[in-house]
Amino acid sequence: MDRLWPLLAFGPTGWGDEIAAGALVTISLALATLPFGITLGLLVALAQRAENRLLSGAATVFNTVFRGLPELLTLLIVYYGGQLLLQWLLAAAGFSARVQVNAFAAGMVALGLVLAAFSAEVWAGALNSIAKGQREAGYALGLTRWQTFRLVVAPQLLRVALPGLSNNWLALLKETSLVSTIALPDLMRQTNVAVGNTKEPFFFFVIAILIYLGFSILSGGVIALLEARANRGMMRARA
Amino acid sequence: MIRDAIGLVVDLNLLDRYGWRMLDGLWVTLKLVAITFVLGAVLGLAVALARLSRNRVVAGIAFAYVYLFRGTPLLAQLFVVYYGAGQFREPLEAAGLWWILRDAWNCALITFTLNTAAYQAEILRGGIQSLPKGQAEAAAALGLRPWQALFKVVLPQALIVGLRPLGNELILMIKASAVASLVTVYDLMGVTRLAFSRSYNFEVYLWAAVLYLALVETVRRVWTLGERRLTRHMRPA
């Protein structure tokens, strides 16, 4: 082991700084994807309940596709397909250029679509858990649909949806590792680079696993805090 | 005639070159998932029982195992096994085990089994814990041995509770198995990536999407049918 630890040094001789930078990219990607994915998921869940058959049908197709495709395939389709689409759009606008899609953006879109499809299921369950009378009471008080949603439904929704969304977050954190395949310098990619240079795959991949595990444990702690906060109004009823 | 009709939607040249190979890849994906899911069920049962053990050390080890495999990416686990094994070639050769880990297919098989076992263990544990204590007590009162009670009384009921989450886990495994393509296994994803790298024709990714969706939807529907059949005694007439 004495031979291996110096490989993790920060600076030009070790891979510590590269791996730390990769870990930062991993966390940034997950954090950037989260708001986009769960917001889209809520919209999909609302669309699924819409009376408009076209809208609810489109939402169902969206869910089926992005929950059924392997995440890796979704990512490659977004990455290469996005490139083709942009090129086609540019050509239609009269430019001819070779475009390279940004790997971070492609990762964000692909993982965001997957997160949207999975969180839509969580949102749908939470929406169902809110009694119809809550909405009706809102309307009876003269609130508009949007006000009723924002002031009556949403605060209750978040509490019910939180455990499911927490699972979605943990899955997202792990899925970010796939983005290493389109050369985004995330934790997995940087570890690969370190392995290529040092020929110490076991050591470095175990380090990467431990960092991911650390992120999961840390997330677990934050989630527990959030749940305690979301449930603070329910404490007395239970005691 | 039919060929012309197909030609309207897909590139026939590409289909001739890669069509059969992609179906081969689909077959590899099916085999990989089927084998690992069954092996994972056996290991998962052992882990679930260890998790519920009164022995603190055994329960602790099982908890750590489940946490480790559920808390980290499958891709990273696969790389540890596949690339990590190469580093221990000499001791593995000495132990006569190198032939197993030399092969990417076996590495994927081992990693996926260990991974799905952790998820299935949690599902089984949840199922077992959802049963009233009286079930095990009644079995004991009838004179059943602990193993008989487990296999004849507890497990059948726990599996009914776990049917739906187990179906979800199977579908997650089908999707997750695509990462095997990153260690040179030619599953559906592997063949697709190969076809794309040679033809630069984006269409192959869309074919793969259709095949994966068809596979997942079929499995989901068959599983739901099985679930309905197995729980038919629990529905009011």
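The values are calculated or read from the model by the stated rules, or taken from the named source; none is laboratory data. Remember, predicted model here, so these are calculated numbers, not experimental data. Every residue, glycine as well, gets a Cβ built from its backbone with ideal geometry; the counts of neighbours run over all protein chains shown. Please note that ligands, DNA and RNA were not included when accessible areas were found on the heavy atoms of the full protein model with its side chains. Shrake-Rupley method; radii C 1.70, N 1.55, O 1.52, S 1.80 Å.
Just checking, does segment A:6-25 include any residue being farther than 30 Å from residue A:206 by Cβ and out of contact with any Cys (no Cβ under 9 Å at 6 or more places or on another chain)?
For segment A:6-25, residues farther than 30 Å from residue A:206 by Cβ and out of contact with any Cys (no Cβ under 9 Å at 6 or more places or on another chain): absent.
Among what's in segment B:168-190 and is more than 18 Å from residue B:40 (Cα to Cα) and away from chain A (no Cβ under 12 Å), pick the residue that is least open to solvent (accessible area, probe 1.4 Å).
B:185
Only one of these conditions is not met by residue A:128: (1) closer than 23 Å to residue A:70 by Cβ; (2) in a helix (DSSP H, G or I). Which number is it?
(1)
Pick out the one residue from B:67, B:82, B:18 that is in contact with a helix residue (DSSP H, G or I) (Cβ under 7 Å, 6 or more places away or on another chain), within 12 Å of chain A (Cβ to nearest Cβ) and surrounded by 15 or more Cβ atoms within 10 Å (Cβ to Cβ).
Being in contact with a helix residue (DSSP H, G or I) (Cβ under 7 Å, 6 or more places away or on another chain), within 12 Å of chain A (Cβ to nearest Cβ) and surrounded by 15 or more Cβ atoms within 10 Å (Cβ to Cβ) holds for just one of B:67, B:82, B:18, which is B:82.
Among the residues of segment B:94-122, write down those that are surrounded by fewer than 19 Cβ atoms within 10 Å (Cβ to Cβ) and among the β-branched types (Val, Ile, Thr).
Listed by number, the list holds a single entry, B:100.
Condition test on residue B:158, is it over 15 Å from residue B:29 (Cα atoms) and surrounded by 14 or more Cβ atoms within 10 Å (Cβ to Cβ)?
So residue B:158 fits the description; yes.
Can you tell me which residue within segment B:198-207, out of those that are within 11 Å of another protein chain (Cβ to nearest Cβ) and free of Cβ contacts under 8 Å to residues at least 12 places away in the same chain, is least open to solvent (accessible area, probe 1.4 Å)?
The selected residue is B:202.
Name every residue in segment B:97-119 that is closer than 24 Å to residue B:42 by Cβ and either of a type in the set (Gly, Ala, Ser) or in a loop (DSSP other than H, G, I, E, B) (or both), in order of residue number.
Across segment B:97-119, the qualifying residues are B:97, B:103, B:104, B:108, B:117, B:118.
Of all the residues that make up segment A:6-58, how many are among the aliphatic types (A, V, I, L, M) and in a loop (DSSP other than H, G, I, E, B)?
Here the count works out to 2.
It is to be established whether one or more residues within segment B:141-149 are hydrophobic (A, V, I, L, M, F, W, C), under 30 Å from residue A:201 (Cα atoms) and either in a helix (DSSP H, G or I) or within 16 Å of the chain's Cα centre (by Cα) (or both).
no
Can you go through B:61, B:128 and tell me which one is more than 17 Å from residue B:180 (Cβ to Cβ), open to solvent by less than 40 Å² (accessible area, probe 1.4 Å) and of a type in the set (Val, Ile, Thr)?
Unique residue meeting the criteria: B:128.
Could you look through segment B:208-237, keep only residues that are outside any loop (DSSP other than H, G, I, E, B) and of a type in the set (Lys, Arg), and pick out the one that is nearest to the other protein chains (Cβ to nearest Cβ)?
In this case the residue turns out to be B:220.
Only one of (1) within 13 Å of chain B (Cβ to nearest Cβ); (2) surrounded by 12 or more Cβ atoms within 10 Å (Cβ to Cβ) fails for residue A:137. Which number is that?
Here residue A:137 meets the rest and fails (1).
Residue check, residue B:145 against (1) within 14 Å of chain A (Cβ to nearest Cβ); (2) without any contact (Cβ under 8 Å) to a residue 40 or more places away in the chain, all met but one. Which one?
(1)
In this structure, is residue B:163 of a type outside the set (S, T, N, Q), in contact (Cβ under 8 Å) with a residue 12 or more places away in the chain and farther than 23 Å from residue B:128 by Cβ?
No; evaluated as a whole, the condition is false for this residue.
I'd like the full set of residues that are crowded, with 17+ Cβ neighbours inside 10 Å and among the charged types (D, E, K, R), limited to segment A:193-234.
Correct list: A:200 only.
Tally the residues that are assigned to a helix (DSSP H, G or I), open to solvent by 80 Å² or more (accessible area, probe 1.4 Å) and within 30 Å of residue A:34 (Cβ to Cβ), restricting the search to segment A:87-105.
Within segment A:87-105, residues that are assigned to a helix (DSSP H, G or I), open to solvent by 80 Å² or more (accessible area, probe 1.4 Å) and within 30 Å of residue A:34 (Cβ to Cβ) number 1.
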